[in-house]
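To start, the structure under review is shown below, and the notes come after it.
Only the coordinates and a few stated rules stand behind these numbers; no lab work does. No experiment lies behind these values; they were computed from the predicted model shown. Positions of Cβ are backbone-derived with ideal geometry, glycine not excepted, and every protein chain shown enters the neighbour counts.
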Amino acid sequence: MPRKALMIDYEYCTGCHACEVACKQEHDYPVGKGGIHMNEIMTTLPNGRLRIDYIPFPTAYCDLCAVRTKKKGETTACAKHCQAQVISYDTVAELAKIMENKAHAVMFTPK
Ligand code: SF4
Ligand code: SF4
């Protein structure tokens with residue numbers, strides 16, 4: 001079976017935290033525990049301007065929504081609830097093809 005993954009196209013992430021909320025609700029995680037964490041990274045560019053990137057990234061608790069994806073054939077909760085459509089769930093091979101044309105994207109594969 002082809003390996004599945006999440007691709008996070010963070011160029012368009014607004015930092016809204018909806019993916020974190022969706023993940024917590026899907027798994028009923030308590031406060032302080034979650035499958036994805038939205039990171040805010042500030043960088044001072046060579047021209048002196050400040051750049052802010054929002055990069056949500058899965059944690060060790062991410063199971064790629066095994067119940068939804070394997071048993072129900074649905075996409076992951078974070079992908080479904082991201083209004084900016086930043087998160088994609090698919091095979092590693094398919095996501096790698098999409099990433100060929102992306103400027104700011106990362107892929108996550110759980111253990
Ligand atoms: S990935 Fe989507 S849901 Fe998560 S913080 Fe970014 S825009 Fe919001
Ligand atoms: S794939 Fe599921 S478990 Fe992983 S971060 Fe997204 S919502 Fe959470």
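Points 7 angstrom from Cα along the Cβ direction at M99 and N39: gap in nanometres?
Once both label points are built, they end up 1.5 nm from each other.
How much mean residue ellipticity at 222 nm does the chain get from its helices, if each DSSP H run of length 4 or more adds -39500 (n - 2.57) and you divide by all residues, to the nearest 500 deg cm²/dmol?
The helix contribution divided over the chain gives -5500 deg cm²/dmol.
Per 5 Å bin, what is the whole-percent P(r) computed from every C-alpha pair distance within the stretch 40-79?
6, 19, 16, 13, 11, 9, 9, 9, 6, 2, 0
Could you tell me how many degrees, from 0 to 90 and to the nearest 10, lie between the Cα long axis of helix 18-27 and the main elongation axis, the longest principal axis, of the Cα atoms of the chain?
20 degrees
Using the Karplus curve 6.51 cos²θ - 1.76 cosθ + 1.60 with θ = phi - 60°, what ³J(HN,Hα) values do you get for each residue of the stretch 79-94, in whole Hz, with x for Gly and Pro?
Along the stretch 79-94, the couplings run 5, 5, 9, 7, 5, 7, 6, 7, 9, 10, 10, 6, 6, 4, 4, 5 Hz.
Given the convex hull of the Cα atoms of the stretch 4-108, what is a quarter of its surface area in nm²?
On the way: hull surface 29.2 nm².
Seen from a random direction, the Cα hull of the stretch 4-108 projects 7.3 nm² on average.
Within the set K80/K111; K70/K111; K33/K70, which residue pairs have Cα atoms separated by over 18 Å? Before the final figure, lay out the partial values.
On the way: K80/K111 22 Å; K70/K111 16 Å; K33/K70 23 Å.
Where the Cα-Cα span goes over 18 Å, the pairs concerned are K80/K111; K33/K70.
Between I36 and residues 5 or more places away or on another chain, which pairs have amide H atoms under 5 Å apart, with H built 1.01 Å from N, and which residues are they?
Amide H neighbours of I36, under 5 Å, 5+ apart: T59.
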